[in-house]
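Beneath this line is the structure, given in structure tokens, with notes to follow.
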Amino acid sequence: MLRRLSSKALASLYDESKERMAPGDRQDWLDRRLARQINFAYPRAPAVKECLDQAGVSPRHIKCVKDLERLPITTKGDLLKRQQADPPFGGFLAVPLNSLKRVYVSPGPMYDAFGSERIRATLRSFLRFGLPRPGDIVMVSTAYHMVPAGLHITDALDILGCTVVPAGTGQTELQVRLLHDLKPSAIFSFPSFVMTILQKAEEMGYDVSRDFNLKYVSGGGERHIQELRKVFEQKYGLVVNDFYGTADVGAVGYDCGLGMGYHYDDQEAVIEIVDPNTGKQLKPMEVGEIVVTLFSKTYPLVRFGTGDLASYTDEPCSCGRTAPRITRILGMVGEHIRVKGMFVHMREIDEAFSQLPEVLRYQLALKLDGHRDRIELKAEAKPTADHEQLSEAINRRCQEVFRLRIDRIELVSEGTLPPDCEKVVDTRWT
């Protein structure tokens, strides 16, 4: 169990003065902090020094957020290559490994260094929304294995003073039983899985409003959160909180409670929306890639490209905070996809099927089944293949490499798929 925060540290998290500065003052404050961060990271993180040196830029050249355009964007693929060449963190770690709070492992494998600032960011997102509160019982129904989702949220809730039910994923009927017996007021999970749990509860004869104590749903990682929000609010009377982040950078955008997008968490990062081809910063409501520079003394990523496409607005929010807001996640950039809350690299998909010689050609189809992501596979199999054994081998291999199970496998004869077929077809948003 983690120790509670000191009263001083907790007070600093409640302090919203920086978030309510006039836009000009806020920009000056960000520029000064960014210059200090680059000067901190340059001599301590070899990868940061290399990025600047190769761009012909010294720390003294980075005086404001606009100057970041002079630096290259580090994509997820770039970070993976750096980590493979210089394990475990590719030269971005600025502290001894044994000083980290946690090391998580994302598909790739990619190592994610978590220091105390990651916990602060998650706590801040809870506090800004106003839920959950100390003393609440919270069921965490997300993965605890390797990835940060379950354990990281549990750490933050523990510090906040909540009672945590670490339910994990799957076992939907058991999840329903936990909601009924333990009466948690909040659940943290991917929104689509929460919807699955509630639908299962209704199938089992429960009335969600009458038989449970559920008041609040928190989660992220899915693009159809707005559609689900309406169902949670209108059908079940639940309050919905969402935030933006990735395993690489943590939570860097939060919902103020008005559902008007994700406020930039300027305390933790500089966020840019940029043209994926040029790296140039875009104007409000123009669609580009979310790029993050962390104010981290632990893992100072500079211009990390999340791969998420979005737009932003700098129009005032009724909550009074002045930071821009990410309007919504619109898609993905590059050779990786987000499915079932996980990032999967195209290279991983190729790697999985390269070890299955009985598969001649394949195509993965990503679909929506109600509110849940669904993965379907059509694969050409050799005539001698045992279809049942091959299907089992495919699912086993996919879970080993990128930790996702194929929902439906259709094995077909050679020549069924065109030679130039796309390996992944995403029809979830068409």
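For this structure, a couple of remarks:
- Region 113-143, subset assigned to a loop (DSSP other than H, G, I, E, B) and aliphatic (A, V, I, L, M), residue modelled with the highest pLDDT: 143
- Residue in region 112-121 that is touching a Pro at 6+ places or on another chain (Cβ under 9 Å), surrounded by fewer than 17 Cβ atoms within 10 Å (Cβ to Cβ) and outside the structural domain of residue 344 (by TED's automatic domain parsing) present: no
- Where residue 396 falls short, out of the listed (1) modelled with pLDDT of 90 or more; (2) among the basic types (Lys, Arg); (3) touching a helix residue (DSSP H, G or I) at 6+ places or on another chain (Cβ under 9 Å); (4) more than 30 Å from residue 73 (Cα to Cα): (3)
So that you can scan it fast, the table gives a plain yes or no per residue for (1) part of a loop (DSSP other than H, G, I, E, B); (2) in the same structural domain as residue 104 (by TED's automatic domain parsing); (3) over 25 Å from residue 110 (Cα atoms):
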| residue | (1), (2), (3) |
| --- | --- |
| 145 | yes, yes, no |
| 152 | no, yes, no |
| 180 | no, yes, yes |
| 194 | no, yes, yes |
| 218 | no, yes, yes |
| 227 | no, yes, yes |
| 243 | no, yes, no |
| 248 | yes, yes, no |
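- Taken across region 309-327, residues that are surrounded by 21 or more Cβ atoms within 10 Å (Cβ to Cβ), not β-branched (Val, Ile, Thr) and not assigned by TED's automatic domain parsing to the domain that holds residue 283 do not occur at all.
Conditions tested, residue by residue: (1) in contact with a His (Cβ under 6 Å, 6 or more places away or on another chain); (2) of a type in the set (Val, Ile, Thr); (3) over 18 Å from residue 374 (Cα atoms).
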position	(1), (2), (3)
319	no, no, yes
323	yes, no, yes
327	no, yes, yes
333	no, yes, yes
341	no, no, no
353	no, no, yes
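- Test: residue 68 is closer than 30 Å to residue 259 by Cβ, at pLDDT 95 or above, surrounded by 16 or more Cβ atoms within 10 Å (Cβ to Cβ) and in the same structural domain as residue 219 (by TED's automatic domain parsing): yes
- Within region 246-273, if we keep just the residues that are modelled with pLDDT under 95 and among the β-branched types (Val, Ile, Thr), the residue that is surrounded by the fewest Cβ atoms within 10 Å (Cβ to Cβ) turns out to be 246.
- The single residue among 107, 132, 96 that is assigned by TED's automatic domain parsing to the domain that holds residue 182, in contact with a strand residue (DSSP E or B) (Cβ under 7 Å, 6 or more places away or on another chain) and over 30 Å from residue 352 (Cα atoms) turns out to be 132.
- Failed criterion for residue 354 (all others in (1) within 28 Å of residue 192 (Cβ to Cβ); (2) out of contact with any Ser or Thr (no Cβ under 9 Å at 6 or more places or on another chain); (3) among the polar types (S, T, N, Q) hold): (1)
- The lone criterion from (1) at pLDDT below 95; (2) part of a helix (DSSP H, G or I); (3) surrounded by 20 or more Cβ atoms within 10 Å (Cβ to Cβ) left unmet by residue 158 is number (3).
- Lone unmet requirement of (1) touching a helix residue (DSSP H, G or I) at 6+ places or on another chain (Cβ under 7 Å); (2) at pLDDT 95 or above; (3) not charged (D, E, K, R) for residue 322: (2)
Here is a yes/no grid of residues against (1) out of contact with any strand residue (DSSP E or B) (no Cβ under 8 Å at 6 or more places or on another chain); (2) hydrophobic (A, V, I, L, M, F, W, C); (3) surrounded by 17 or more Cβ atoms within 10 Å (Cβ to Cβ):
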| position | (1), (2), (3) |
| --- | --- |
| 332 | no, yes, yes |
| 354 | yes, no, no |
| 360 | no, yes, yes |
| 402 | no, yes, yes |
| 413 | no, no, no |
| 422 | no, no, no |
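- Among the candidates 93, 52, 97, the residue that is buried (at least 19 other Cβ atoms within 10 Å of the Cβ), modelled with pLDDT of 95 or more and farther than 30 Å from residue 339 by Cβ is uniquely 52.
Quick grid of which residues meet (1) more than 15 Å from the chain's Cα centre (by Cα); (2) not in a loop (DSSP other than H, G, I, E, B):
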| site | (1), (2) |
| --- | --- |
| 260 | yes, no |
| 263 | yes, yes |
| 289 | no, yes |
| 293 | yes, yes |
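- Residue match in region 137-149 (condition: surrounded by fewer than 20 Cβ atoms within 10 Å (Cβ to Cβ) and free of Cβ contacts under 8 Å to residues at least 24 places away in the same chain): yes
The values are calculated or read from the model by the stated rules, or taken from the named source; none is laboratory data. Model, not experiment: these values are computed from the prediction. So basically every Cβ, Gly included, is an ideal-geometry build from the backbone, and we count neighbours across all protein chains shown.
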